[in-house]
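Here is the structure we will look at.
The values are calculated or read from the model by the stated rules, or taken from the named source; none is laboratory data. Note that this is a predicted model, so its numbers are computed, not measured. For neighbour counting, all protein chains shown are included, and Cβ atoms are generated from backbone atoms with ideal geometry for every residue, glycine included. Areas reflect the complete protein model, heavy atoms only, side chains present, ligands, DNA and RNA absent. Shrake-Rupley method; radii C 1.70, N 1.55, O 1.52, S 1.80 Å.
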Amino acid sequence: MTSIDIDILKVTELVREAGKLLLDRPKEVMQKGNNSNFVTSCDIAVEQLLSAKLRDLLPGSLIIGEESEDNPSNGELLWVIDPIDGTSNFIRDMGLSVISVGLVKDGEPYLGVVYQPYRDEMFYAKTGEGAYLNGERIHVSDRDFAHSHLCSAMSLYDKRYAPPCFRIIDRVYQESDDLRRLGTAAMELAYMACGRVELYFEIRIFPWDAAGAIPIIREAGGIVEILYKDKFPLDEPFAILGANTPENFARLKEIVTEELPEVPYYS
Ligand code: IPD
């Protein structure tokens with residue numbers, strides 16, 4: 001992948017500025033889809049702020065945002081924004097939400113920033129230049145499967161697909177150390193990059209949940225794959241799995257593909 005001339009620290013500055021909105025703003029909550037799906041006035045404010053400033057930072061780039069009306073998917077350079085990943089945690093004042101920004105270049109996540117404002121933790125990576133947390137290089141852990149923690153979810157926004165998730169979680173749980181469900185995919189994926197968790201599986205997430213974290217995991221030495229897709233999907237949900245080591249990834253993939261020989265909602 002050819003590199004592009006963009007200073008990732010400028011992206012982190014914008015995301016940090018947007019992070020103040022999560023800490024400060026009063027929350028007006030609106031229902032979005034099913035019973036579990038909400039958007040707040042803060043999601044919209046963060047996305048508006050970032051969309052305008054990221055476009056200025058990289059002239060000619062386009063925006064895909066979780067709260068955007070129109071989602072272009074055919075640009076050469078696309079910012080993929082989740083203004084608040086962990087919206088339900090945000091509404092419930094759990095202090096477990098992040099802002100995620102990915103830059104997709106020629107169809108693949110190329111640069112990513114995931115910011116947890118409550119702990120002031122800025123995760124970031126640009127392809128070929130390493131992964132960082134608050135300026136320090138990060139790396140996945142070397143724990144084996146038996147000592148791993150899995151992060152996962154159960155298709156929150158379409159619970160028809162929950163049963164295979166529970167089967168996969170049960171099987172991984174029997175062989176590993178423990179399980180976490182933190183309610184923010186981007187943060188859980190960033191936690192894999194810095195060695196806090198080792199395994200990740202989710203049957204149905206959206207491009208904005210993962211675009212920021214994928215380059216961070218890869219640059220931190222981890223493995224992440226979109227199940228049964230060659231390219232990063234920009235306009236549809238997908239199943240994703242990831243792990244710290246090739247051995248752990250292979251075992252997780254074996255369990256996932258046995259329980260999920262196909263993804264039921266893929267067309
Ligand atoms: C959701 C969270 C959740 C994950 C869902 C995501 P949102 O994002 O990351 O943990 O299980 O797949 O859609 O709706 O809070 O931005």
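What the table shows:
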| read-out | value |
| --- | --- |
| Check on residue 23, open to solvent by 80 Å² or more (accessible area, probe 1.4 Å), hydrophobic (A, V, I, L, M, F, W, C) and in contact (Cβ under 8 Å) with a residue 40 or more places away in the chain | yes |
| Selected residue (criterion: most open to solvent (accessible area, probe 1.4 Å)) from residues of the range 147-172 that are at negative phi and part of a loop (DSSP other than H, G, I, E, B) | 157 |
| Residue satisfying all of: in the range 125-146; of a type in the set (Gly, Ala, Ser) and assigned to a loop (DSSP other than H, G, I, E, B); most open to solvent (accessible area, probe 1.4 Å) among these | 128 |
| Segments classed as strands (runs of 3 or more DSSP E), wholly inside the range 192-267, with at least 2 members that are small (Gly, Ala, Ser) and in contact with a strand residue (DSSP E or B) (Cβ under 7 Å, 6 or more places away or on another chain) | 238-243 |
| Long-range neighbours under 6 Å by Cβ, at least six apart or interchain, first residue under 20 Å from residue 8 (Cα atoms) within the range 212-227, second assigned to a loop (DSSP other than H, G, I, E, B) and open to solvent by 10 Å² or more (accessible area, probe 1.4 Å) | 215/127; 220/138; 220/139; 220/140; 221/139; 221/140 |
| When residues of the range 189-205 are limited to those that are among the charged types (D, E, K, R) and within 7 Å of the ligand (Cβ to nearest atom), the one least open to solvent (accessible area, probe 1.4 Å) | 202 |
| Close pairs from the range 78-95: first over 13 Å from residue 117 (Cβ atoms) and polar (S, T, N, Q), partner near the ligand (Cβ under 10 Å from one of its atoms) and open to solvent by 20 Å² or more (accessible area, probe 1.4 Å), Cβ under 8 Å, at least 6 apart | 87/38; 88/36; 88/38; 88/183 |
| Pairs where the first residue, in the range 240-264, is open to solvent by 70 Å² or more (accessible area, probe 1.4 Å) and the second is among the basic types (Lys, Arg), C-beta under 7 Å, 6+ apart | none |
| Checklist (1) over 14 Å from residue 114 (Cβ atoms); (2) at pLDDT 95 or above applied to residue 157, failing item | (2) |
| Filtered residues of the range 206-223 (kept if within 12 Å of the ligand (Cβ to nearest atom) and crowded, with 22+ Cβ neighbours inside 10 Å) | 207, 208, 209, 210, 212, 213 |
| For residue 27: the one exception among (1) in contact with a Cys (Cβ under 9 Å, 6 or more places away or on another chain); (2) assigned to a helix (DSSP H, G or I); (3) not aliphatic (A, V, I, L, M) | (2) |
| Selection status of residue 186, crowded, with 23+ Cβ neighbours inside 10 Å, under 18 Å from the mean Cα position of the chain (by Cα) and away from the ligand (no atom under 15 Å from the Cβ) | no |
| Whichever residue in the range 34-54 is near the ligand (Cβ under 10 Å from one of its atoms) and either open to solvent by 30 Å² or more (accessible area, probe 1.4 Å) or assigned to a helix (DSSP H, G or I) (or both) and, among such residues, is farthest from residue 97 (Cα to Cα) | 38 |
| Residue that is farthest from the ligand (Cβ to nearest atom) [pool: residues in the range 56-106 that are within 14 Å of residue 32 (Cβ to Cβ) and open to solvent by 20 Å² or more (accessible area, probe 1.4 Å)] | 69 |
| Hey, residue 17 away from the ligand (no atom under 11 Å from the Cβ), modelled with pLDDT of 95 or more and surrounded by fewer than 15 Cβ atoms within 10 Å (Cβ to Cβ) or not | yes |
